[in-house]
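Structure first, commentary second.
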Amino acid sequence: MTRSRRYELLDTREINRETFVEPWPEAGLIVAESPLDPRPSLRMEGGQVVELDGRPRAQFDAIDSFIADHALDLAVAEEAMATPDLHIARMLVDINVPRQAVLRLAAGCTPAKLCAIMAHLSVLEMMQGLAKMRVRRAPANQAHVTNRREHPALLAADAAEAGLRGFAEVETTVGVARFAPLNALAILVGTQTGRGGVLTQCSVEESLGLRLAMLGLTTYAETLSVYGTEGAFVDGDDTPWSKAFLASAYASRGVKVRFTSGTGSEALMAHAEGCSMLYLEARCLCVTRGAGSQGVQNGSISCIALPEALPGGVRAVLAENLLASMLGLEVASGNDALASHSAIRKSAKLMLQFIPGTDLIFSGYSAVPKADNLFGGGNFDAEDHDDYSVLQRDMQIDGGTRPVSEEEALATRREAARAIQAVYAELGLPPISDAEVEAAVVAHASTDMPSRDVVADLAAADAFLASEQTVLAVVAALRRRGFERIAANILELGRQRVAGDYLQPAAIFDRDFRVRSGINDPNDYAGPGTGYRLTGARWEELQRIRTARSPRDFIAPQIGAPSPRLIELGPARRGSQTEVILAVGPAFGRELTRTIGGLEHDDVLAAILTGVAEEGLTARLVRVRHSSDCAEIGHTGARLSGSGVAVGLQSRGTTIIHRRDLPRLSNLELFPQSPSLTLESYRQIGRNAARYAKGERPTPVPVQVDNWARLRLIVKTALLHRRETEQVRDEPPVELGFDWEPDV
């Protein structure tokens, strides 16, 4: 078969590197509404649940039992289950229904009932619901900071930049488990350099994570995974009750806790039991609520490629985020793991959480390059910082970060690298050299860093964990070396753990260490004109991306001293001989002296006149003063030309070959891509104009099309045209003299 060239090219597109499969419900490869999902039901006797989603109590598995006894608000359960699914779905998007009314009913809904509600909602309606149901008023963001060499100076520098960029939380992990205490130490010092109050965690095995928290090296945990089937829980070596106990252990030490779940994990572990991913996630969320966790990391997380392989997968991810918020849980809404080869697809997926806002839009924006991300790559990473800043600016949306200049980044990275160097020296850890510090300041990735003695670092990590040193030793070390601000920030984190206020739902710290949570700063969205709006100082901050410039700067290269070679001779007359008129705009060679492509106006005139002369004709120059429009400039020149042919030339370089008998908005040849025009192009334009004047039919001058020119230059185009238009006067054309030497 002879292949379509277009389809051959489509086959090379990034999107076609993805895996797409048809649903297979029996294997759990279906994102929602599996034929094996149970129907919603709830029956109570004597204040006890005796039937849950079609299963009698005698047949309850561990998850059913936990949900029935700990997750459901039995005071409202019968009312909630009797309320039609469609009615609750409409409550989610009705601006006249307050958030609390939805929370109240959702607390009594079974997992199957929650999924039935989602079945009525489009993606747009889910986004509306998420905007209302988010726990905290303002969205925030979380970053991942890791590196393959597990280099402490680079970890500290990257964490400092993440804090400076506004991330409210920073998470690290390890390639080698024994590095955990030193990695946790590095990002703690780094984040508190960038901004006081950034919460940190180290993603490791749960008991080790708790030890790090008790030492004061971490301040939150989200590695408490829950599953929607009993088999998956058993494989995870846990039960709902053990997770609840572990969450209480963290909270009792003043550590913020959220659980982790997400569509696809049970199918990946071969324990989906034929149920849809969304139904199993609804069970996870009910377990999370019943265990007393204030929030959840969900949105498929590291399993994202699995639901995305199936129809409706991205919609199901949004649905699970919405379900979590309906249950009053803080939502760190995924967008962390690499979701697609396609930049279009990964951005489209992000918009479902970015536009309505979630408590933490990413449960790990990779603040490092993909190759250094030990979580398996990031959906957005360090190369995307500017893109993300522009998205916030484009949509006037608070995405939880702020633009940072290169100077700011370098300064905070240097301070953090020096601080961790000082801590290592004071605590007797393997030294960090000055060369390592300087490398960390400017490094893009760990490949830019000097090698370290890994064996010595691991031995030091073991010794640190076995010692009685806590975060207080770190504070003392920083103070001894003069890093008072960083020491004070770390000490304040410890004080806040004693106070316990940041254990509130969806709690983060602002830059002044004030807690912002669902208790003291709840989401109050109730339709247009309500809720969090990006205004004031925060909006001003997000507008100041590092590449934004003053509009006046854009056209400075096009402005120069008026050309002494152009002289006004008097009113323009109509010619009677075979000639070409070269008509220029009102600012040409006077207010503006270069084209948008940087060509000197004098050189452009000389090129066109040379082309005309090469065809044996003469040309006259006129300045059109009553219009800045290219077609009108050219048509005015044509009406004055003895041959009826003219070249019209705007100051920015846009050119037209016109003829007197054509409508104004028609032409012989048009050259709108002025940035692509060269002096040789203008010379050819002059030659063709002369040929038209002689009655010939020349081959049109080739036009180079640059599809990216508009993106690069539309602002400059608008400003140059404005400058030209400012010179428009209700006056007739004037003839110009031009001192030039023909090149013939």
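Every read-out reported here was derived from the displayed coordinates using simple, explicitly stated rules and does not represent laboratory data. None of these values were measured; they are calculated from a predicted model. Quick reminder, even Gly has a Cβ in these numbers, built from the backbone with ideal geometry, and neighbours come from all protein chains shown.
List of remarks:
- Rounded to the nearest whole angstrom, the semi-axes of the ellipsoid equivalent to the chain, taken from the Cα gyration tensor as √(5λ), stand at 63, 33, 23, largest first.
- 3J(HN,Hα) from dihedral phi, segment 429-442, Karplus parametrisation 6.51/-1.76/1.60, rounded to Hz, x for glycine, proline: 7, x, x, 9, 6, 4, 5, 5, 4, 5, 5, 5, 4, 9
- For the peptides 653-661, 344-352, 557-565, the ranking by mean Cβ contacts within 10 Å, running from highest to lowest, is 653-661, 344-352, 557-565.
- In a reduced charge model with +1 at each Lys and Arg Cβ and -1 at each Asp and Glu Cβ, the chain shows a dipole moment near 2260 debye about its Cα centre.
- Length released on extending from ARG495 to GLN100, taking residue separation times 0.36 nm less the Cα-Cα span: 139.0 nm
- 15 Å beta-carbon shell around GLY494, net charge (K/R +1, D/E -1): +3
- Nearest-0.05 FRET efficiency for GLN704 and GLU541, computed from C-beta distance (R0 60 Å): 0.90
- The residue list GLN48, LEU124, LEU92 was ranked by how far each Cα lies along the charge dipole of segment 21-130 toward its positive end, using unit charges on Cβ atoms, and LEU92 comes out on top.
- Length added when fully stretched, LYS370-ARG712, from 0.36 nm per residue minus Cα-Cα: 120.3 nm
- Once both labels are positioned 7 Å from their Cα atoms along Cα-to-Cβ, the gap between TYR7 and GLU731 label points is 6.5 nm.
- Within segment 679-708, the trypsin sites (Lys or Arg not before Pro) that combine a DSSP coil assignment with at most 16 other C-beta atoms in a 10 angstrom radius are LYS694.
- CYS202 sits among other residues whose Cβ lies under 13 Å from its own Cβ, and their net charge, with Lys and Arg +1 and Asp and Glu -1, is -4.
- With the helix formula -39500 (n - 2.57) applied to DSSP H stretches of n ≥ 4, the chain reaches a computed 222 nm mean residue ellipticity of -12500 deg cm²/dmol.
- Residues whose amide H comes within less than 5 Å of that of ALA221, counting only those at least five positions distant or on another chain, are LYS256, VAL257, ARG258 (H built at 1.01 Å from N in the peptide plane).
- 5 angstrom amide H check on TYR365, placed H, neighbours 5+ away: GLN142, ALA143, HIS144
- Around ASP706: net Lys/Arg minus Asp/Glu count, Cβ-Cβ under 15 Å: +4
- Against the chain, whose longest principal axis is taken from its Cα atoms, helix 630-640 shows a tilt of about 10°.
- Nitroxide proxy distance, nm - points 7 Å out along Cα→Cβ at ASP739 and ARG479: 7.8
- FRET E, pair VAL234, SER122, Förster distance 35 Å, beta-carbon r, rounded to 0.05: 0.40
- Farthest positive-ward along the chain dipole, Cα basis, beta-carbon charges - from ALA157, HIS271, CYS109: ALA157
- Taking 0.36 nm per residue of separation and subtracting the current Cα-Cα distance, fully stretching the chain between GLU614 and ASP524 would add 25.0 nm.
- Relative contact order of the chain, defined on C-alpha pairs under 8 angstrom at six or more residues apart (%): 14
- Rounded to the nearest whole Hz, the Karplus-based 3J(HN,Hα) values (6.51 cos²θ - 1.76 cosθ + 1.60, θ = phi - 60°) of segment 68-74 follow the sequence 4, 8, 10, 9, 8, 7, 5, with x at glycine and proline.
- Of the peptides 545-553, 112-120, the ranking by mean beta-carbon count within 10 Å, highest at the top, reads 112-120, 545-553.
- Helix 679-693 axis versus longest C-alpha principal axis of the chain: approximately 50°, rounded to the nearest ten.
- Pairs from the table (LYS113/LYS243; LYS243/LYS349; LYS132/LYS346) lying more than 27 angstrom apart at Cα are LYS243/LYS349.
- Each label point was placed 7 Å from the Cα along the Cα-to-Cβ direction; for ALA270 and GLU26 their separation is 1.6 nm.
- Computing FRET efficiency as 1/(1 + (r/R0)^6) for ALA456 and SER207, where r is the C-beta to C-beta distance and R0 is 25 Å, gives about 0.45.
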